Structures are given as C-alpha cells and as structure tokens.
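Enquirer: Structure provided below as structure tokens; questions to follow.
The values are calculated or read from the model by the stated rules, or taken from the named source; none is laboratory data. Computed from a predicted structure; not experimentally measured. Cβ atoms come from the backbone with ideal geometry, glycine included; neighbour counts cover every protein chain shown.
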Amino acid sequence: METAKCKKCGKKIRAQRLNRPHFSGLCRKCWRKYGTIKGEKHWSFTGGRYKRKTREDYWMINVNIIKDEKLKKMAKQTIQNRCWGKKRSGTIYEHILVMIKKLGRPLKKGEEVHHLDGNKENNNPNNLILIDRKNHIQKYWNLIKENEELKREIQRLKSQ
C-alpha cells in the first residue's frame, strides 16, 4: 500500500492506487466533509450532455446546467407535461430542448419532435419538426414498410 498526506488536514492516507485520476487526495473524514465533487470538477463530468444507454442514441441534457433561466423553466415545464408519476428527472432530450428554444414555449402533451433526415445526432433546428404523436408513429411505420420493401427488392435483384 502506498501512503500520502491528506490535502486538507495533512493526515497520513494509506491507499492501494494513489495515481488514479479520480483519487481525491483526502482522508476519509475530510472526504465526507469536502470530497463529494460535483459538476465541472468531477473527473467524469461531460458538460451535462451525454448519451442515454437505454434509448436509441439520443443526446440527453441535464436541465440544471442550462444558464438561460427562461429556457430552463420551459424545459422543466415540458418534462412535467411529458412525464407521469415519479418518472420525472432533471434531464431532457437535446432535440426537444432545441425545439423549445425554436418555438419559445414548452411542448404540450402529445407533441413530438421528429428528425427530418432520420439522424438522431443531427439536432440542427432546420432538421427538426414538431408533429403530433399519431402522425409521428404513422411516419415511423411507413418508413419501416418502405425499408422492408427495399430489402425485398435488393434480394430480388441479387437473385437475378
């Protein structure tokens, strides 16, 4: 085990790996008091923007890092309009935030944001349209049908 001095109180610390990037340099007592690093100083901070692993590659934004208070309030209102029960969190999809900024109002229940080019990473305001849920689902299923037809056509052409 390696030893070092606590950055706050100077007490000797025994640790297995002092060279890790997330090692705080604090003893256990000081870490409990000062050590919970949050925000920009945390070693894994991504700027409040990250990809959610459970959803298909959409960028997520932490609402608390939004500096414009009016936009932050509209984002929180949209989260409330779109979520039910205890599912509400402090994050919002980036494309929804871009649409809120574009419209200047929170999204209503049943409103969806659609990527025109189908690229979920392209959150340019010109690539996003507001659409109701029913039409969004219909557009999605039409694309799936078209994709299946194209796959069949490719198979037919390959077999010739």
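Enquirer: Check His95 against each of (1) over 19 Å from Gly48 (Cβ atoms); (2) assigned to a helix (DSSP H, G or I) and name the one condition it does not meet.
Expert: (1)
Enquirer: Checking Leu107 against (1) touching a residue at least 12 places away in the same chain (Cβ under 8 Å); (2) part of a helix (DSSP H, G or I): exactly one of these is not met. Which one?
Expert: Single failed check for Leu107: (2).
Enquirer: Continuing with the same structure: Considering only residues that are surrounded by 19 or more Cβ atoms within 10 Å (Cβ to Cβ) and closer than 17 Å to Asn123 by Cβ, look in region 67-83 and name the one that is nearest to the chain's Cα centre (by Cα).
Expert: For region 67-83, the residue satisfying everything is Ala75.
Enquirer: Let me ask another. With the condition kept exactly as written, say whether any residue in region 136-156 is closer than 25 Å to Met60 by Cβ, in a helix (DSSP H, G or I) and modelled with pLDDT of 90 or more.
Expert: For region 136-156, residues closer than 25 Å to Met60 by Cβ, in a helix (DSSP H, G or I) and modelled with pLDDT of 90 or more: absent.
Enquirer: Can you tell me which of (1) modelled with pLDDT under 85; (2) touching a Gly at 6+ places or on another chain (Cβ under 6 Å) is the one Val63 doesn't meet?
Expert: Result: Val63 fails condition (1) only.
Enquirer: Can you pull out the residues in region 118-154 that are under 20 Å from the mean Cα position of the chain (by Cα) and not small (Gly, Ala, Ser)? Lay out the reasoning, then the answer.
Expert: Taking region 118-154 as the starting set, the residues that turn out to be under 20 Å from the mean Cα position of the chain (by Cα) are 118-125, 127-130.
Matches in region 118-154: Asn119, Lys120, Glu121, Asn122, Asn123, Asn124, Pro125, Asn127, Leu128, Ile129, Leu130.
Enquirer: Tell me which of these Lys51 doesn't satisfy, since it passes every other one: (1) on the phi > 0 side of the Ramachandran plot; (2) at pLDDT below 80.
Expert: Just one mismatch for Lys51, condition (1).
Enquirer: Now, a different point. From the list Asn123, Asn135, which residue is of a type outside the set (Asp, Glu), closer than 24 Å to Asp68 by Cβ and surrounded by 11 or more Cβ atoms within 10 Å (Cβ to Cβ)?
Expert: Answer to the check: Asn123.
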